[in-house]
Amino acid sequence: MRISLKTIGMSASALALGAAPALAQDASPVSPETQYIFNTLLFLIGGFLVMWMAAGFAMLEAGLVRTKNVSMQCLKNISLYSIAGLMFWITGYNLMYTGVDGGFIGSFGPYSFDPVGGNSLDTGYSTASDWFFQMVFVATAASIVSGTLAERIKLWPFLLFTVILTGFIYPIAGSWQWGGGWLSEAGFSDFAGSTLVHSVGGWAALAGALILGPRAGKYNANGSVTPLPGSSMPLATLGTFILWLGWFGFNGASQLAMGTINDVTDISRIFANTNMAAAAGVVVAVLLTQLMYKKVDVTMALNGALAGLVAITAEPLAPSVLQAVIIGGIGGAIVVFTVPLLDKLKIDDVVGAIPVHLLAGIWGTLIVPLSNADASFATQALGVVAYGAFTFIVSAVLWLVLKAVVGIRVTAEEEAMGLDKVEIGVEAYPEFGQGSQRL
Amino acid sequence: MRISLKTIGMSASALALGAAPALAQDASPVSPETQYIFNTLLFLIGGFLVMWMAAGFAMLEAGLVRTKNVSMQCLKNISLYSIAGLMFWITGYNLMYTGVDGGFIGSFGPYSFDPVGGNSLDTGYSTASDWFFQMVFVATAASIVSGTLAERIKLWPFLLFTVILTGFIYPIAGSWQWGGGWLSEAGFSDFAGSTLVHSVGGWAALAGALILGPRAGKYNANGSVTPLPGSSMPLATLGTFILWLGWFGFNGASQLAMGTINDVTDISRIFANTNMAAAAGVVVAVLLTQLMYKKVDVTMALNGALAGLVAITAEPLAPSVLQAVIIGGIGGAIVVFTVPLLDKLKIDDVVGAIPVHLLAGIWGTLIVPLSNADASFATQALGVVAYGAFTFIVSAVLWLVLKAVVGIRVTAEEEAMGLDKVEIGVEAYPEFGQGSQRL
Amino acid sequence: MRISLKTIGMSASALALGAAPALAQDASPVSPETQYIFNTLLFLIGGFLVMWMAAGFAMLEAGLVRTKNVSMQCLKNISLYSIAGLMFWITGYNLMYTGVDGGFIGSFGPYSFDPVGGNSLDTGYSTASDWFFQMVFVATAASIVSGTLAERIKLWPFLLFTVILTGFIYPIAGSWQWGGGWLSEAGFSDFAGSTLVHSVGGWAALAGALILGPRAGKYNANGSVTPLPGSSMPLATLGTFILWLGWFGFNGASQLAMGTINDVTDISRIFANTNMAAAAGVVVAVLLTQLMYKKVDVTMALNGALAGLVAITAEPLAPSVLQAVIIGGIGGAIVVFTVPLLDKLKIDDVVGAIPVHLLAGIWGTLIVPLSNADASFATQALGVVAYGAFTFIVSAVLWLVLKAVVGIRVTAEEEAMGLDKVEIGVEAYPEFGQGSQRL
């Protein structure tokens, strides 16, 4: 019979120990070997959950682009995840984590796992598990760019940009904080990557959107905006749920250790806070769109969840539940108010990634001192500006070089025809619109 | 080389210990700290698997409603999951688990996690992980209601009902058993929630279906029933697989502890039995529909899996494999026979949630004494009746109040147009039916 | 603040132990009970990840068949997963694992889990968790057959074949190696099943494809091939991502133990190598299709990922990262070159399962000695031939018997109409092609 252990007033430990309740609790609580296993298991579980977010971005973007560009988004997402893995092995990991030592960059060269049997108990976890966990994060940053620039960017320049982003831009920027670089020494705080992952992706996307220009037909000469609704709300919803699920790994496993009761308790708080921030983002977006437009916008609800998740990512541990709700709820509000703002600026962000990942990421980073006394607003702002300036400028230069050398935008005819026919050769729904006689 | 350890006749322990095979096995088997970590990890893994079931319900329902109402189901499902989280924090958890003490209700007030660093080894697990795991269960109950009432209920009354269901009805009812209330003291047995979760959701759905009435065009004056087939079988299939996966967390982690070899062995039995009951539900539904209709009905196969899962949920541990197969297989049969029965009664249950969650839930609850000697048929029946009476009556009153005060059903014109256009403003597949020239 | 533990030069163990850093590391590192829990947990996590692959195959196949056959693929996939579970209980497990003893077959009879409370520490893990993990593997083999034979095979003969494949063919073949049979004694090496699972499924599919014949309209009298594109690229993409995710359980948990730091470190290497092989498969397929066809084929990219995964499955632990990239990349190339080759031979493989699972599986098995000095090319070839001969011949006989007794192919009219209307009675997208007025 399942009854809450708490309710019946017995400890699980006491229950479980059965005949040996007198075991001294202060003797050898968790052996280093057991800790090593728990820590490594955390990276593996967290890693496969964040890997799964690649599918989430693929479905979200497939659902939010028009039918004629869906195969392209599918291809881009599986390709960028693959490229991220290869580049984070070839250059990324060592640039980000090896020999940064308070500076601005790590060292060059591919990453080598420990040989089989060559693990060291001193590390506290398997190095390959750490590599795997860090690798899936860089893929997340690249996914963000993919959504914003959809429906008009050429495939190969996008993939080239992904190579540089995942192999150089993200790792170098990341080294400043998680690699133990200058921002880390300055006291910047970003628990799981509101800035390091989400804003970095968002800045790269913003630079691309500005240089690439909006989709044909989106912004009219008279100042009006033509909505270009996405092809499939259920796929977009599925993608959002996948991302929400993956975020438990993203934030939870960023605790980086599970071998003590303190660590696993912290991870539990992180799970709960992460969930509450997302929930609040949804509810705020639903309420606001009802109030503002007299109808609820399901894409806003989805992006509200994601904005709540991005916002809590900078500090998912320290907030109380109420604080998590407020942080996530304001994230949801940011999306509702800034999506139309971007349209006023004629910045065409197909999936709303800039409001979600960049703006909610900035919000989450700046509000860390609310709950974490070790952080200061000034240092948080310094970090936001540093990451913004570096990522935006380097990305813009790279986009401009790609534009000049190989071109980054398909022709107007190709854009009208759809990227699937032009560059992929496989339509997403080839029987679509052909009527039942064809079937 | 991978060879079954069992086959080669060596224990994994012996293999793994290597140079230290003589370690005394009875000395400090698993320390309380290690148990705490295992128990908490179980809640976290089980919790994210059950959270994932929210996506399963969303996809199942999106696939089983017509195209014009798909965005609405997506929105409802992400909204109800969010509301469930917020309400289970604000009122639910304490109503269900705090101070019930053999009675009928817990205490009012929001739940507070332990502060950072404030864990207690005596509890045996992190309180936040327990909260997270219990929270995702209440969302499941709310998801059930969503499917039954689809395609004609207004958005906001549904969300208001969800607030009351997740914040009050489910937690109060749950307190009777899992909170250590009167039914628990009476000896009622419901391991993971055939009654507490699935039937509660089913009763609330049934009350709503009766008061809301059937969809236009479903039941004809001459007594015939017009099938209104769902929009996407692959999405419904995906949803079913997601639910099946999530159910390993639903039932497995309801063991509530993983820190002893007995507990983890029980969890393994639960995994196997859960899977076998679902498999039997599928096979029975496939065979029966072939025999009865000369064709196999894929939606029956999907609901057969779910009914098998619901049926085994009341007692997934004690049954032998053969018993699990029988329990799940009869669950599948219940769906095949009761879906048409509901149609005869003109109870319009869009996704078949009442047969799956209510009727198979009752079956699973009543059959517990078959394998669990601690349960009696009389007490199981008492629990079924008590939960049914309370949930149905309170839900019916609430639906009637909502009907009187704000109205719960869209107009006939709105129903014909589809809820996506009326209330969401975002169609699920906006390019659908526009022909290839538009693309 | 999240900083790589490696970077800041402190061990997690040291950090975590806090006040007790002097604990002797060589005393009772991980108790047998704790090992038992870790080992069992590995089977449970690996098991649910591989179970999830059933959904991956369902989505992949639903996306790669035409609209008129999508419900059928959904039904087949949930049915075969269910049948696999039942048959692996009734005959499979004991045929594969009990009493093989260097021979060619195990013993007959259903499998019995240990009774509740009847676990034995000596085994090192829960027997039910082992059963669950092995069971999901047989389902994978059956899924492979489903895809190749889609769009023209009758439902019931396919399900009958599945009964024999999962209850007899796969377990008997599997007993030779993982059951400790003659091939295991001969020194054959197949870590997680490139041959035992993927090639076995592929051989069964090939036998079926040859006997069943190609789909109508695929191969023309003049020698040209008419592409019959699949219905939904996003579903196929989703399926691929699901399979990729599940493969971490497939390969990682095939380590079969997680109770020592060596084991969990090996699992980490397996995760990383598995991911890199898939990534390389994608990149190679993308580059090759661009070079060969001037467009990138998204289905080739998806199958490239799967071929990389199949190829690394025979030995995911020993390879260096570079070796994993090469093994997976060549897997991707195999797909690009052999898909058109099969078409030249007029072998109609709807989803490309023969190149992916059979040919990449052979490649992965033969290349094991590159990284694993315990394997020899001759013995690997022996295993490939033995599994191929047995599975192909037995499958072919079975298909021929089914063809003679009940018929295995629908009529030409039924094939043109689509299997969903003929055998399922539920169309996948019933509103498809009806135009917006119907909505």
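The values are calculated or read from the model by the stated rules, or taken from the named source; none is laboratory data. All of these numbers come straight from a predicted model, not from anything done at the bench. Note: ideal-geometry Cβ built from the backbone for every residue, glycine included; neighbour counts use all protein chains shown. Keep in mind that these areas ignore ligands, DNA and RNA; they rest on the heavy atoms of the full protein, side chains included. Shrake-Rupley method; radii C 1.70, N 1.55, O 1.52, S 1.80 Å.
So here's what we get for this one:
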{"item": "Verdict on B:Asp420 being open to solvent by less than 10 Å² (accessible area, probe 1.4 Å), among the charged types (D, E, K, R) and in a loop (DSSP other than H, G, I, E, B)", "result": "no"}
{"item": "Flag if B:Phe168 is open to solvent by less than 10 Å² (accessible area, probe 1.4 Å) and closer than 28 Å to A:Val286 by Cβ", "result": "no"}
{"item": "Residues located in region B:205-247, provided they are within 13 Å of chain C (Cβ to nearest Cβ), crowded, with 17+ Cβ neighbours inside 10 Å and touching a Ser or Thr at 6+ places or on another chain (Cβ under 6 Å)", "result": "B:Ser231, B:Met233, B:Trp247"}
{"item": "Residue that is closer than 25 Å to C:Ile83 by Cβ and at pLDDT below 95, where the choices are C:Pro110, C:Pro115", "result": "C:Pro110"}
{"item": "Odd one out for A:Phe104 among (1) touching a Gly at 6+ places or on another chain (Cβ under 9 Å); (2) facing chain C (nearest Cβ under 9 Å); (3) not small (Gly, Ala, Ser)", "result": "(2)"}
{"item": "Condition check for B:Glu414: under 24 Å from B:Ser175 (Cα atoms) and of a type in the set (D, E, K, R)", "result": "no"}
{"item": "Enumerated helices (runs of 4 or more DSSP H) restricted to region B:260-374, each holding at least 3 residues that are at the interface with chain C (Cβ under 8 Å from one of its Cβ atoms), touching a residue at least 40 places away in the same chain (Cβ under 8 Å) and small (Gly, Ala, Ser)", "result": "B:261-293"}
{"item": "Any hit, region C:217-227, residues being part of a helix (DSSP H, G or I) and in contact with an Asp or Glu (Cβ under 9 Å, 6 or more places away or on another chain)", "result": "no"}
{"item": "Residues being assigned to a helix (DSSP H, G or I) and either of a type in the set (A, V, I, L, M, F, W, C) or buried (at least 24 other Cβ atoms within 10 Å of the Cβ) (or both) - total across region B:71-117", "result": "25"}
{"item": "Selection count, region A:143-157, where residues are facing another protein chain (nearest Cβ under 9 Å) and open to solvent by less than 10 Å² (accessible area, probe 1.4 Å)", "result": "1"}
{"item": "Those residues of region A:117-142 which are within 22 Å of A:Ile354 (Cα to Cα) and either within 12 Å of chain C (Cβ to nearest Cβ) or not hydroxyl-bearing (Ser, Thr, Tyr) (or both), in sequence order", "result": "A:Val136, A:Phe137, A:Val138, A:Ala139, A:Ala141, A:Ala142"}
{"item": "Conditions (1) touching a residue at least 40 places away in the same chain (Cβ under 8 Å); (2) more than 30 Å from A:Leu41 (Cβ to Cβ): number failed by B:Gly99", "result": "(1)"}
{"item": "Whichever residue in region A:250-259 is of a type in the set (Gly, Ala, Ser) and within 8 Å of chain B (Cβ to nearest Cβ) and, among such residues, is surrounded by the most Cβ atoms within 10 Å (Cβ to Cβ)", "result": "A:Gly259"}
{"item": "Verdict on C:Leu306 being of a type outside the set (Val, Ile, Thr) and open to solvent by 20 Å² or more (accessible area, probe 1.4 Å)", "result": "no"}
{"item": "Pair list, Cβ < 9 Å and 6+ apart or interchain, from region C:210-225 residues that are in contact (Cβ under 8 Å) with a residue 24 or more places away in the chain to residues that are loosely packed, with under 14 Cβ neighbours inside 10 Å", "result": "C:Ile211/C:Leu400; C:Ala216/C:Ala412; C:Ala216/C:Ala416; C:Lys218/C:Thr226; C:Lys218/C:Pro227; C:Tyr219/C:Thr226; C:Val225/C:Pro340; C:Val225/C:Lys344"}
{"item": "Odd one out for C:Leu165 among (1) outside any helix (DSSP H, G or I); (2) more than 11 Å from every other protein chain (Cβ to nearest Cβ); (3) modelled with pLDDT of 95 or more", "result": "(1)"}
{"item": "Region C:175-193 - residue that is more than 9 Å from every other protein chain (Cβ to nearest Cβ) and out of contact with any Phe, Trp or Tyr (no Cβ under 8 Å at 6 or more places or on another chain) and, of those, surrounded by the most Cβ atoms within 10 Å (Cβ to Cβ)", "result": "C:Ala186"}
{"item": "Qualifying residue in region B:177-190 (condition: under 21 Å from the mean Cα position of the chain (by Cα), assigned to a helix (DSSP H, G or I), at pLDDT 95 or above and more than 24 Å from B:Val385 (Cβ to Cβ))", "result": "no"}
{"item": "In region B:50-96, residue farthest from the other protein chains (Cβ to nearest Cβ) [restricted to those that are touching a residue at least 40 places away in the same chain (Cβ under 8 Å) and β-branched (Val, Ile, Thr)]", "result": "B:Thr91"}
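Residue-by-condition table, conditions (1) over 21 Å from A:Ala150 (Cβ atoms); (2) more than 8 Å from chain C (Cβ to nearest Cβ):
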position: A:Leu382; (1), (2): yes, yes
position: A:Ile393; (1), (2): yes, yes
position: A:Trp399; (1), (2): no, yes
position: A:Val405; (1), (2): yes, yes
position: A:Glu413; (1), (2): no, yes
position: A:Val426; (1), (2): no, no
position: A:Pro430; (1), (2): no, no
